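Below is one structure, written out as structure tokens; the observations come after it.
Values in this text are rule-based calculations from the coordinates and carry no lab data. Since the model is a prediction, treat every value here as computed from it, not as a measurement. Virtual Cβ from ideal backbone geometry, glycine too; neighbours counted across all protein chains shown.
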Amino acid sequence: MPLFRRKPAAPPDPRPAIADFWTWWAGARNDVVAALDGADPQGLSGALTDAVGRIHPELDWALTPGVDVARYALVVSAGGRHDLRSVAHRWWLAAPPADTEFEYHPVRRRDPAAVEGVLDVDDYELPLVEFVAGTRYDEQRGRFDLAVHHPLFPLLDKESRTRAAFLALGAALGEDDVERWVGAVDVTADQPVDAVPLASLAPLVDGLRQGGDAWVTFTGATRRGRPVVGVVRRPFSRVDRPLADTHVAVSLPYEPGDQGMPTVPDFAKQVDAWERRALDALGGDGEHAVLVGHETGLGRCLVHLYVDGLEVDPAAVDPMLPEWSMGPARRHTAPDPAWREIGHLLA
């Protein structure tokens, strides 16, 4: 249960650069369509890279076949960087409506047709249909741990195997569902026992999605062996709230008993009631605010909330602080677009 750290600098507001991108796109769009229709998309690479790079140089982009209503799709994504999730999502929110030519997406989506394709890795062609995985579902974490295999993996080094495995998983599940449902990924030259085709993973995660999330209690210990009890949403991931880029941590103190734990019989109910009021003050559970969970131990309960730092003022919870009756509550706010402060809770 980490102590409050020094507040990092807030990242720049991406909205002006996003507006500039869409102004550029309005003038370049017809040229993009003409290049794609003429099977010459390479000529667009430099211009699109420059335009997207002005939003953030580490954003990924791709021109792909449309998956909903359009012939083509422009994808601008975080490329696996959690700290850029909110930037890519704000780009998408500012996009024009989809039409028959173009649709827009902030992540690479699941593409069943792509599973019939081929990956080019280190001069080898890896048919996606030949990828298989051994699976183990961790109910506590709400994630699948995978051992991914391809018959050509013995010819590749581990870095290339890993890159190929994540590209194949992205095609089978989509970028969001890989982040949401996949835990540890091992890449193996030997086919796992009871391995299944990667295409079989999609129905598995779709079944889990129908169950929704729940609150899970877990126990841990400090470095000195004192107990810590956590309550966290599961399954839950950074991708579920892409705009929530600012951590709001509130410390609720209490008189500790044996081993630093609370002795008040209805302590959990009091914390739950306070959390609900605080979340309501921030606008309620939604795309701009979320309660992730809390940790209790060593005389305090540390509540973890996240908000959209460009739309929600974290100080809205300050009137709630005096309502905590067991001691002076404190709020600490810091930009955390990658959700590093709660990585230990979501792992």
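Relative to the first principal axis of the alpha-carbon coordinates of the chain, what is the inclination of helix 267-281, with its axis defined by its Cα atoms, in degrees from 0 to 90 and to the nearest 10?
50
Taking the Cα of L310, stepping 7 Å toward and past its beta carbon, and measuring to each backbone N in region 13-35: which are under 17 Å?
Taking a point 7 Å out along Cα→Cβ of L310, the residues of region 13-35 whose backbone N falls under 17 Å are 13-25.
What is the angle, in °, between the Cα long axis of helix 15-37 and the longest principal axis of the Cα atoms in the chain? Nearest 10 is fine, range 0 to 90.
Here the helix axis deviates by roughly 20 degrees.
Looking only at region 67-203, where both bridge partners belong to it, what percent of the DSSP beta bridges are antiparallel (to the nearest 5)?
Here the antiparallel bridges make up roughly 60 percent for region 67-203.
Counting only other residues whose beta carbon sits under 13 Å from that of V69, what net charge do I get with K and R as +1, D and E as -1?
In short, -3.
Please report the antiparallel percentage of DSSP beta bridges with both residues in the chain, rounded to the nearest 5.
Approximately 85 percent, going by the DSSP bridge assignments.
Write out the GluC sites (Glu not before Pro) in region 258-347 meeting two conditions: DSSP loop, and at most 16 other Cβ atoms within 10 Å of their Cβ.
When the GluC sites (Glu not before Pro) of region 258-347 are filtered for loop state and at most 16 Cβ neighbours within 10 Å, E287, E311 remain.
Taking a ≥ b ≥ c as the square roots of the Cα gyration tensor eigenvalues, with a/c under 1.5 meaning rounded and otherwise prolate when a/b beats b/c, else oblate, which class fits the chain?
Oblate, because a/c is 1.5 or more while a/b does not exceed b/c.
Antiparallel as a % of all DSSP beta bridges within region 172-277, to the nearest 5?
100
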